[in-house]
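Notes for the one structure printed next.
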Amino acid sequence: MNLKTIHHIAIIVSDYERSKDFYVNKLGFEIIRENYREDRNDYKLDLKLGDYELELFSGNNNPKRLSYPEACGLRHLAFKVDNIEEVVAELNERGIETESIRIDTITNKKMTFFIDPDNLPLELHE
């Protein structure tokens with residue numbers, strides 16, 4: 001087995017424009033390509049942050065997330081940051097609420113959570 005790295009993470013979103021605004025304009029992801037898939041009547045948006053790609057698929061009546069964050073499947077998506085207080089302040093200035101900063105009991109590093117437009121838990125971790 002010769003796995004090199006994570007290529008991408010895919011997320012199904014309920015409101016394409018709202019999620020596109022959130023990930024691109026508020027979190028700073030770069031658009032790689034945006035495709036309307038006529039046969040499915042949906043969009044697929046490929047985004048980039050550093051060396052990683054995120055795929056957003058517009059949903060068509062997909063079920064809501066069952067619990068926060070303990071549903072089976074993707075538990076959360078975590079972003080590494082150098083200064084968590086600065087990033088939290090910037091998110092708050094952009095209208096994104098965050099939980100209180102706390103210490104991860106395993107790594108002893110600062111961490112906090114916030115949510116995307118579909119309540120997907122997103123983590124900041126120093």
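The values are calculated or read from the model by the stated rules, or taken from the named source; none is laboratory data. Computed from a prediction, not measured in an experiment: that's the story for all the values here. No Cβ is skipped: glycine too gets one built from the backbone with ideal geometry, and neighbour counts run over all protein chains shown.
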Can you tell me which residue within segment 25-45, out of those that are surrounded by 14 or more Cβ atoms within 10 Å (Cβ to Cβ) and in contact with a Ser or Thr (Cβ under 9 Å, 6 or more places away or on another chain), is farthest from LEU56 (Cα to Cα)? ASP42
Pairing a residue in segment 41-52 that is closer than 9 Å to HIS8 by Cα and touching a residue at least 40 places away in the same chain (Cβ under 8 Å) with any residue that is of a type in the set (A, V, I, L, M) and part of a loop (DSSP other than H, G, I, E, B), where Cβ atoms lie under 9 Å and the two sit 6 or more apart in sequence or on different chains, gives TYR52/ILE6
Does any residue in segment 12-28 that is farther than 16 Å from VAL87 by Cβ come within less than 7 Å, Cβ to Cβ, of a residue that is part of a helix (DSSP H, G or I) six or more places away or on a different chain, and which pairs are these? VAL13/SER19
Return the total of residues in segment 102-120 being over 21 Å from PHE22 (Cβ atoms), in contact with an Asp or Glu (Cβ under 7 Å, 6 or more places away or on another chain) and without any contact (Cβ under 8 Å) to a residue 24 or more places away in the chain. 1
Can you name the residue in segment 88-114 that is surrounded by 12 or more Cβ atoms within 10 Å (Cβ to Cβ) and under 17 Å from VAL24 (Cβ atoms) and is also farthest from the chain's Cα centre (by Cα) among such residues? GLU90
State whether the residues of segment 68-82 include one that is farther than 16 Å from LEU120 by Cβ, surrounded by 13 or more Cβ atoms within 10 Å (Cβ to Cβ), among the acidic types (Asp, Glu) and free of Cβ contacts under 8 Å to residues at least 60 places away in the same chain. no
Sole miss for LYS80 among (1) modelled with pLDDT under 95; (2) basic (Lys, Arg); (3) in contact with a helix residue (DSSP H, G or I) (Cβ under 9 Å, 6 or more places away or on another chain) is condition (3)
Identify all residues within segment 27-40 that are outside any strand (DSSP E or B) and either among the hydrophobic types (A, V, I, L, M, F, W, C) or over 17 Å from ILE9 (Cβ atoms) (or both); write none if there are none. LEU27, PHE29, GLU38, ASP39, ARG40
Inter-residue pairs, beta-carbon under 7 Å, first farther than 15 Å from ILE31 by Cα and in segment 55-66, second exposed (fewer than 10 other Cβ atoms within 10 Å of the Cβ), 6+ apart: ASN60/ASN41
Check whether at least one residue in segment 60-80 is within 13 Å of ILE11 (Cα to Cα) and not in a loop (DSSP other than H, G, I, E, B), and report yes or no. yes
Across segment 1-24, the tally of residues that are crowded, with 18+ Cβ neighbours inside 10 Å and in a helix (DSSP H, G or I) stands at 5
